[in-house]
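Comments concern the structure below.
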Amino acid sequence: MAAKLVIAGLAAVLALSACVTANSTSTGVDANGRRAFLTYAGADAPVYLTAVNPAFGSPQEVAREVALSADQSVVGSPVTFTTERSETALPHYRIVALFDPEVSVSTDQVCRSDQTPPVAARYQDRTNLFLAFCARGEEIAGARVSGAKLSGPDDPELDRMVKAGMSEMFPPHGGGDRGNPPVFGSLGFDGGVPRFRLNPLAGVAGE
């Protein structure tokens with residue numbers, strides 16, 4: 001009987017977990033580069049986090065819950081998050097949690113959504129979340145997450161959604177992170193001219 005109860009409990013947990021789906025977006029920065037930027041941004045103080053367009057609470061209270069869920073959610077990284085810019089060492093780095101974005105919204109738009117929020121696309125059966133890691137106007141990492149309809153900031157589903165999104169943006173890798181600013185995060189081309197993405201505090205060079 002006890003074994004049946006344990007199996008039933010595990011099945012319930014798996015069923016709840018299955019409600020959350022998460023997929024990373026393409027930003028031109030590979031996984032190691034994304035982790036390096038995050039480690040650098042959070043080496044000496046928490047990383048700033050803001051919530052945009054939540055339908056189930058004020059942006060401030062939702063951001064606090066998202067920050068709590070994001071704290072130490074990246075495997076092998078001690079980085080924590082705050083909703084207060086004054087507590088950060090590098091305020092230009094930030095995580096944006098945009099709720100219920102339209103399908104066409106890009107990571108770049110999410111990085112600008114705390115100034116001009118995109119139109120929300122609400123659904124009766126689910127909540128969608130777009131997490132983005134940004135620096136100034138640059139996109140570094142992003143993840144689209146979908147889960148059950150959230151009832152409030154303290155809904156456990158929100159915690160699962162945030163952790164799933166953070167895992168997609170910053171997947172684990174071998175070796176430890178060292179809080180040094182990354183030199184090159186990615187190489188791209190603009191009109192055939194190579195562009196190297198540097199530490200976003202210094203902008204993009206190599207043109």
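Each reported figure results from applying straightforward, stated rules to the coordinates on display, with no laboratory input. Owing to the predicted nature of the structure, the values given are computational and were not obtained by experimental measurement. Cβ coordinates were reconstructed from backbone atoms using ideal geometry, including for glycine residues, and neighbour counts include every protein chain displayed.
Each semi-axis of the equivalent ellipsoid for region 73-178 is √(5λ) with λ an eigenvalue of the Cα gyration tensor; in descending order they amount to 23, 18, 13 Å.
Rg ratio for region 10-144: its Cα radius of gyration over 2.2 N^0.38 Å, N being its residue count, equals 1.04.
Directionally averaged projected area (region 129-168, Cα convex hull): 3.1 nm². Taken along the Cα-to-beta-carbon direction at a fixed 7 Å, the label points for residue 136 and residue 108 span 1.6 nm. When Rg and the Kirkwood radius Rh are both evaluated on Cα atoms of region 37-93, their ratio Rg/Rh stands at 0.98. Given a Förster distance of 30 Å, report the FRET efficiency between residue 72 and residue 146 from their Cβ-Cβ distance, rounded to the nearest 0.05. Approximately 0.80, to the nearest 0.05. Ordering 79-86, 93-100, 105-112 by mean Cβ neighbour count within 10 Å, with the highest value first, yields 93-100, 105-112, 79-86. Were the residues from residue 154 through residue 61 laid out at 0.36 nm apart, the gain over their Cα-Cα distance would be 32.5 nm.
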